[in-house]
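Read the figures in this text as sums done on the coordinates, not as results from a lab. The shown structure was predicted, so the numbers you read here are calculated from the model rather than taken from an experiment. Cβ coordinates were reconstructed from backbone atoms using ideal geometry, including for glycine residues, and neighbour counts include every protein chain displayed.
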């Protein structure tokens, strides 16, 4: 097997093992309903994590996504409820503003060579502060459009359902996979994350690539924020606290190298699903407590990061029988 | 090789503040030839390459590619015109697949999306031209440096195959890999590509090249047919010295009785494959050993091996009779070794720290963290060395990066002397140092050896090695080829040993 | 040596900035305080009641204490070229441990409680150190693991509840007073003094700066980089634990979910505002402390001026970006050329 697929394979294996474990433990676990609910309940996290995958692939990080989700929620709620705008008018406005915000962060990072960690940390503070300024109270969204969204779903056999959130997620996923693997900008992101200097020497527009990555990530975080309001029917400034950590964890568990350059969007989805399955198992169990999720995810993080170290240091190559040793005539 | 000129350089000059890096250099390259570009340190090879590839704009002179003036074009334009460069360090993306590395930024597309199938098959075809059959979908980093080097060449060849510049491509390759590279080069030249080959390995020059051009101190010395230029002639042209057959009379020192001096360090058959061939070495107390050889002959490698920076995979090392294994510099330092590395900025100085802190650092590290030198002690040590080594600094507490090159070098020297070593290794102690400081450093080295310190000096300047050393070990192509002592030590003898490459 | 003579003026200026390392943070603080002096003189009022001082300034120092402790540890970690994201979680673990020890009446001696809680924090810090040194994992990633898992562990200890307790001795840490000032201020001063003593009287400070400034050369000089880094993460863990104990003692309960939430970010900010570069090397504990006080003064100023508390975060983010831009070479260059162009056109 190609060495670069090992982490991805490991992630999928862990997901299946956990799902299998849940199915063996609990009667009604193994069902289409549980499986599709994983998507519905975690759609916002998955969409954010996809954006985060690009950021991390490019060798950066973005801490502002959790605050972005809260801020988008509050802003959407205020625009719909207080300003009586139709949601379909509100969404584009929000998405454009968010994208501009992301471009500004990307600009600071790229132009002034500021550490992404600090710039997006400031972005995180700013957006959280902005949500507080807009409203401290939770604002319920009562627009009829939201009801029709909640009522719409495509039924699947076995009590499963594809909700609007799931459909948006699947569209984003398809788009992300396409960009990552079938466009030059996508490959340039991998190249920049793999080795920025070499990429520049090979003619990759490094600055533009980074700008794209941060803009796209903020766009996706804002989209996740909108999907989040479908889920909660409200905007709340304290929402999605610490979500950036969950997103980063999903990306790493999904097999993406935190140092950039290696990873798959699909892996990230499985990283999100793993977190979802753990939560589902805990809720099925009833006696286990929610903090086990954090501990277990911490453990998975440790295992996956160590695995990555082993692979990148070449230690694993010695143990892994490679059927395709370099051949030279 | 045909007689058709593909690339012509005329009267190229390039100055940097304080240095005339290239002075009226001309060069002519023919289709299908391997043209070796030779020169020592600071000869201007890399400046010339950067001018050819558009990374520098020259002050005067022109570059013609197939009759077309390309002097003012930008790097990417020059590349599309047909000049590709492969650097010593592989400038590719290790985390992308081989095929992607070859086609990054110009991937074949089908209906607007990247066509992986075509890309992979094209990549295979390009590599097949270089006799390379590897899985192009694997990550580049999963292959050896040699293969990565070939991939870089493949990218260059596929983009434009008229002139290929190989800048020290073989420095990290083993013999077999070099042979592969050569067969690729032969194939390319057969197809009409002209190759500029920069290397420090003389034998490789004679194995592959058709013609040889020599640069020295930014001046063009000449271009010669390989057959007309024996090795010793090439060396003397590179160094600007003639090799006489006789041992020259200016030699110096009577052969001191090394046997009377106590052996401090013995290395027997110590080496590392792909790094340096096994060497044998005895270092006596109070003796200066010089390592002579051209750039890339393995001088610094020996120093790093002895000092525990790089671990040998064969051979034994004895310090004062006991066998030692230096797994890190720290272990070596505890046994009394000290090492002033060649790359002062990267490996020597702690730029942000003060002159004083830099001087006491090794001593402090030797003492351990809890036995700190007091402020008064630190100041005294620093002042003593500033005085004895004549370090020019306005202030003990000035960050060391603000000092001039010569003074920085003396600070690193002071650091090691403060640690009271028994064996001092100096790699290019006078590099980038002005004349005054140069003589000063040579005087210090001689003084130290009189005090009984064992010293190893590595220097590109033959004069310097010959002047300082009691014994000279001559290296070539990462092999120890000769040991000269006493009367035998002379520039001429060193040069002729290199030229002969004697066993 | 022409190159040298060209670079002299610039180097001179750099060294001038370096020698005045405390100048800029202090100037910023003075500016903030004088703003308060003009707009609200009562800001500086200090009352003496029941043997204890009260006032905005005292309040600032008291509130800044936990972050100050974190920032002291963080400065050392950043100076080695690393970062520690897990300090907030370590705070939670230490708080939870102490609360558990007291509420389950495992031990009653204050010193034993402190020793065990700080011991646990030390282990947590060393775990980070182990990942960074032995496994060679990037610090930001290595400490992310404990950042995520640490809160879970803390919740495991408290069983997911806010574990309240009463312990006369332990309550003194966050609520007690010493010489009329909150005890937490004394704890910070003692820790600072201890750190200074350790750094100045041993060679640790020198080694830390050396490793952060040039790891390769430090290795060649025989410094045990890994050992130093390992210990520094341990120290950072203990400092975080102490901060966690102060907060836990203050509210007389361990809130594993919220104690020290985002404190790691405040601590990193304070270090950056204090002028220690995120890339490592030269550091100063004093300027870090000034950075902490600036951040807290900013928050308190916003509050006392009747601005809603929610503006704090926005102001903070603006401050961070401005400070980072001022430190960016490219930005300085742009400003300089802008300035010069302005001059030329006159």
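Shown is the FRET efficiency for residue B:310 and residue B:384, computed with R0 = 30 Å from the Cβ-Cβ distance and rounded to the nearest 0.05: 0.35. Among C:182, C:139, C:308, whose mean-square fluctuation peaks in a Gaussian network model of chain C (Cα, cutoff 10 Å)? Looking only at C:182, C:139, C:308, the largest GNM fluctuation is found for C:308. Summary of packing: across the peptides A:180-186, B:43-49, the per-residue average of other C-beta atoms within 10 Å ranks them, highest first, as B:43-49, A:180-186.
Helix B:405-418 sits at what angle to the longest principal axis of chain B, using alpha carbons and giving 0 to 90 degrees rounded to 10? Tilt relative to chain B: about 50 degrees. Inter-chain neighbour count for B:83-90: the average number of beta-carbon atoms from partner chains within 10 Å of each residue's beta-carbon is 1. For chain B, the longest principal axis of the alpha carbon atoms and the long axis of helix B:175-190 meet at an angle near 30°. Once the Cα atoms are used to define both axes, helix C:329-345 deviates from the longest principal axis of chain C by about 40 degrees. The calculated Kirkwood hydrodynamic radius for the range C:53-324 is 18.7 Å, given to one decimal from all distinct C-alpha pairs.
As a proxy for reagent exposure, C:80, C:133 were ordered by neighbouring Cβ count within 10 angstrom, fewest first; the result is C:133, C:80. Over all directions, the projected convex hull of the C-alpha atoms in the range A:1-58 averages 5.3 nm² in area.
Sorting B:366, B:387, B:74, B:272 by the number of Cβ atoms found within 10 Å of their own Cβ, with the fewest placed first, yields B:387, B:74, B:272, B:366. Taking all Cα-Cα distances within the range A:1-153, those exceeding 20 Å account for 64%.
Comparing A:64, A:144, A:103 in a Gaussian network model of chain A where C-alpha atoms under 10 Å apart are linked, the largest mean-square fluctuation is found at A:144. Principal axis extents of the Cα atoms in the range B:307-365, from largest to smallest and rounded to whole angstrom, are 39, 20, 14. Projected onto their three principal axes, the Cα atoms of chain B cover extents of 74, 55, 46 Å, largest first. Averaged over peptide B:363-370, the number of partner chain Cβ atoms lying within 10 Å of each residue's Cβ comes to 6. Note on the range A:28-71: the alpha carbon radius of gyration divided by the globular reference 2.2 N^0.38 Å gives 1.51.
Within chain B, DSSP assigns beta bridges of which about 55% are antiparallel (rounded to the nearest 5). Starting from a Cα-only point model with no solvent, please compute log10 I(q)/I(0) by Debye for the protein assembly as shown at q = 0.06, 0.07, 0.09, 0.10 1/Å. Debye curve over Cα of the protein assembly as shown, log10 I(q)/I(0) at q = 0.06, 0.07, 0.09, 0.10 Å⁻¹: -0.59, -0.80, -1.27, -1.47. Here the Kirkwood formula, the inverse mean of 1/r across different C-alpha pairs, assigns the range A:3-324 a hydrodynamic radius of 20.3 Å. Ordering B:470-481, A:152-163 by mean Cβ neighbour count within 10 Å, with the highest value first, yields B:470-481, A:152-163.
With the highest mean first, a sort of the peptides C:39-50, A:279-290 on other beta-carbon atoms found within 10 angstrom per residue produces A:279-290, C:39-50. Between residue A:147 and residue A:170, what FRET efficiency follows from the Cβ-Cβ distance if R0 is 25 Å, with the result rounded to 0.05? Efficiency computed from Cβ-Cβ geometry: 0.65.
In chain B, the DSSP-assigned H stretches of four residues or longer account for a calculated mean residue ellipticity at 222 nm of -10000 deg cm²/dmol, using -39500 (n - 2.57) per stretch and the full residue count as denominator. All C-alpha to C-alpha distances of the range B:113-154, sorted into 5 Å bins beginning at zero, yield P(r) values of 6, 23, 33, 24, 10, 3, 0 percent in whole numbers. On a per residue basis, the convex hull of the C-alpha atoms belonging to the range B:20-59 measures out at 80 Å³.
Here the scattering of the range B:137-185 is modelled by Debye summation over its C-alpha atoms, one equal scatterer each and no solvent; at q = 0.14, 0.22 Å⁻¹ the log10 of I(q)/I(0) is -0.35, -0.83.
Using 7 Å Cα-to-Cβ label points, what is the residue C:202/residue C:318 separation (nm, one decimal)? Label at residue C:202, label at residue C:318, 4.4 nm between them.
Altogether, the Stokes-Einstein calculation at 25 °C and 0.890 mPa s, with the Kirkwood radius of the range A:142-261 over Cα pairs as Rh, returns a diffusion coefficient of 145 µm²/s.
Which log10 I(q)/I(0) values does the range B:328-469 give at q = 0.10, 0.11, 0.16, 0.19 Å⁻¹ under the Debye formula, counting every alpha carbon as one identical point scatterer? Each listed q maps to, in turn, -0.30, -0.37, -0.80, -1.16. Shielding of peptide B:351-360 by partners, expressed as the average count of other chain Cβ atoms within 10 Å per residue Cβ, is 4.
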